[in-house]
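In what follows, a structure is listed as structure tokens, so that the remarks can point back to it.
The values are calculated or read from the model by the stated rules, or taken from the named source; none is laboratory data. As the structure is a computational prediction, the values presented were derived from the model and not from experiment. Cβ coordinates were reconstructed from backbone atoms using ideal geometry, including for glycine residues, and neighbour counts include every protein chain displayed. Side chains are part of the model used for accessible areas, which takes the heavy atoms of the whole protein and leaves out ligands, DNA and RNA. Shrake-Rupley method; radii C 1.70, N 1.55, O 1.52, S 1.80 Å.
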Amino acid sequence: MTEVNQNESQFALSVNAESFVPKVDKTQIVATACFKNKCLLSTALILVKDKYSEWQTFRALLDSGSETCLISNECVNKLRLKTERINTLISCLNDASMVVNGCVKVAISNQNKSFKRELDMLAVKKIADFIPQKALEINSDFSNFVELADSNFNVPG
């Protein structure tokens, strides 16, 4: 298993939350918080299987509003996965759109491997900048009542 590089400038994955959160476990939630004109988006440390069937750890952005799953080209290259050539258009914010030329089949899992799923993901140049933009000081200890999917959610990465 490889360590997550907190200095990378791009997210590896954007997973629509519905396809990642198990439906049988009602204790898991996906939350987005907004304060002082800033939004804190949900992230998770997930396992992704590479070409050699080895699991590697990546930080994923869980997007509850997305209809598709995305993976950065950088991540595809690190995992040495084979990309299938496609030509499709996806719509973005503000009536913008972008052409996507590749998709890849990706096996993902939660950290303890109790939940696994194979997803078709669109390969894109970039998903997001650092999330969060700056380190956030958190004065609460959540570990007493919930296990976080990304214990470093407050650290840019």
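Of the numbered criteria (1) at pLDDT below 60; (2) over 12 Å from residue 123 (Cβ atoms); (3) under 18 Å from the mean Cα position of the chain (by Cα), the one residue 60 fails is (1). Which pairs do you get when a residue that is within 11 Å of residue 55 (Cα to Cα), found in segment 101-122, comes within reach of a residue that is of a type in the set (Val, Ile, Thr), reach meaning Cβ atoms under 6 angstrom, with the pair 6+ apart or on two chains? Hits for this filter: 108/46; 108/48. Scanning segment 82-103 for residues that are in contact with a helix residue (DSSP H, G or I) (Cβ under 7 Å, 6 or more places away or on another chain) and closer than 16 Å to residue 67 by Cα yields no hits at all. Which one is most open to solvent (accessible area, probe 1.4 Å), of the residues in segment 50-103 that are touching a strand residue (DSSP E or B) at 6+ places or on another chain (Cβ under 9 Å) and assigned to a helix (DSSP H, G or I)? So, considering only residues that are touching a strand residue (DSSP E or B) at 6+ places or on another chain (Cβ under 9 Å) and assigned to a helix (DSSP H, G or I), the one most open to solvent (accessible area, probe 1.4 Å) is 78.
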